[in-house]
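Undergrad: This structure is in structure tokens; I'll ask about it shortly.
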Amino acid sequence: MITLRGVTKRFPGPDGPLTAVDDVDLHVPRGSVQGIIGFSGAGKSTLVRLINLLERPDSGSVLVDGEELTILDEEALRRRRTKIGMIFQHFNLLANLTAAQNIELALRIAGVGKAARAARVAEAFAVVDLSDKADAYPAKLSGGQQQRVAIARALANEPSVLLCDEPTSAVDPRTTITVLRYLQEVNERLGITIVLVTHEMNVVRAIADDVAVMEGGKVVEHLRLDGSPLRPQTEIARFLLDDRIRLRPERSLEDSNAG
Ligand SMILES: Nc1ncnc2c1ncn2[C@@H]1O[C@H](COP(=O)(O)OP(=O)(O)OP(=O)(O)O)[C@@H](O)[C@H]1O
Ligand SMILES: [Mg+2]
């Protein structure tokens, strides 16, 4: 369970402070998948980094599994963060370590004893069906396989929450489906709460329960993906839902439907 209340984050900019995340409230129930969508610069990455306090908010409250994170000191936060997994667009595996060593290192950093580490590494590889690639270096793996190693690395620490920042933006559409399937399995079988940042509506529509639409640092709308028809209220949500590429404004959605 994740609850953000009135969270604001500003960065220094050339023309004074820039509000990257502006007074955001967000509640993500335990075991659900929360999508976050918006255009470049909307504040999506900053918002997701506020959940594990990789960014400290200027104001507001960040609760994960009922614990207020903003009051923890750095050491307590470091320990707490091991239970909040994170994966990224570019996988962020260490190139000089094998897939297994990448996971082993994450466990060692989290203070998991040597005996437990081997078993945890094996279990994590099994979840993403990559046991045969344990000794491969990242350069020998496809993008989709690297992302699955990154998912395994996050899972090895037995997180309650998995934060995903554009996890499918660097892979092709077919691999996107594979990565999403594993995320879905992680959510459904292991009960891990997922926050998934993307700029692609198709990606969140595939697995999210709710999509928060961001613009200018604010959550401007929520789209509930419960099977009922979507009724976007904001211009931005409508645009994101109609994600065909149109270079000429006169080629509107209605025109192309009619034609
Ligand atoms: N460390 C930083 N220092 C200064 N400004 C920052 C920093 N991080 C983000 N910003 C600014 O905050 C705003 C939101 O950035 P953020 O990376 O959260 O957007 P985003 O929605 O993830 O965009 P994208 O889709 O391009 O990844 C942008 O204007 C960005 O330039
Ligand atoms: Mg981003």
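Values quoted throughout were computed directly from the atomic coordinates according to the rules given, and no laboratory measurement underlies them. Predicted model only: the values in this text are computed from it and were never measured. Glycine also receives a Cβ, built like all others from the backbone with ideal geometry; neighbour counts cover every protein chain displayed.
Undergrad: Need pairs with beta-carbon distance below 6 Å; first residue closer than 16 Å to E185 by Cβ and within region 140-155, second surrounded by fewer than 23 Cβ atoms within 10 Å (Cβ to Cβ) and among the polar types (S, T, N, Q); sequence gap 6+ or separate chains.
TA: Listed pairs, sorted by first residue: G144/T175; G144/T178.
Undergrad: Across region 45-77, what is the total count of residues that are away from ligand 1 (no atom under 16 Å from the Cβ), surrounded by 14 or more Cβ atoms within 10 Å (Cβ to Cβ) and either in a helix (DSSP H, G or I) or among the aliphatic types (A, V, I, L, M) (or both)?
TA: Matching residues across region 45-77 total 5.
Undergrad: Moving on. Working only within region 188-200, note down all residues that are in contact with a helix residue (DSSP H, G or I) (Cβ under 7 Å, 6 or more places away or on another chain) and either surrounded by fewer than 22 Cβ atoms within 10 Å (Cβ to Cβ) or part of a helix (DSSP H, G or I) (or both).
TA: I192, the sole residue that qualifies.
Undergrad: Could you give every pair whose Cβ atoms fall below 6 Å, whose first residue belongs to region 57-76 and is under 21 Å from P29 (Cβ atoms), and whose second residue is assigned to a loop (DSSP other than H, G, I, E, B) and hydrophobic (A, V, I, L, M, F, W, C), counting only separations of at least 6 or pairs across chains?
TA: From residues that are under 21 Å from P29 (Cβ atoms), the pairs are V62/L69; D65/M1; L69/L53.
Undergrad: Go through the residues of region 31-44 one by one and say whether even a single one is in contact (Cβ under 8 Å) with a residue 24 or more places away in the chain, assigned to a helix (DSSP H, G or I), within 16 Å of ligand 2 (Cβ to nearest atom) and buried (at least 17 other Cβ atoms within 10 Å of the Cβ).
TA: Looking through region 31-44, at least one residue is in contact (Cβ under 8 Å) with a residue 24 or more places away in the chain, assigned to a helix (DSSP H, G or I), within 16 Å of ligand 2 (Cβ to nearest atom) and buried (at least 17 other Cβ atoms within 10 Å of the Cβ).
Undergrad: So which residues in region 201-237 are surrounded by fewer than 17 Cβ atoms within 10 Å (Cβ to Cβ), assigned to a loop (DSSP other than H, G, I, E, B) and either within 17 Å of the chain's Cα centre (by Cα) or among the acidic types (D, E) (or both)?
TA: Result: D226, single match.
Undergrad: A follow-up question, please. Take the residues in region 12-30 that are touching a helix residue (DSSP H, G or I) at 6+ places or on another chain (Cβ under 8 Å) and farther than 20 Å from D65 by Cα, then tell me which one is surrounded by the fewest Cβ atoms within 10 Å (Cβ to Cβ).
TA: A20
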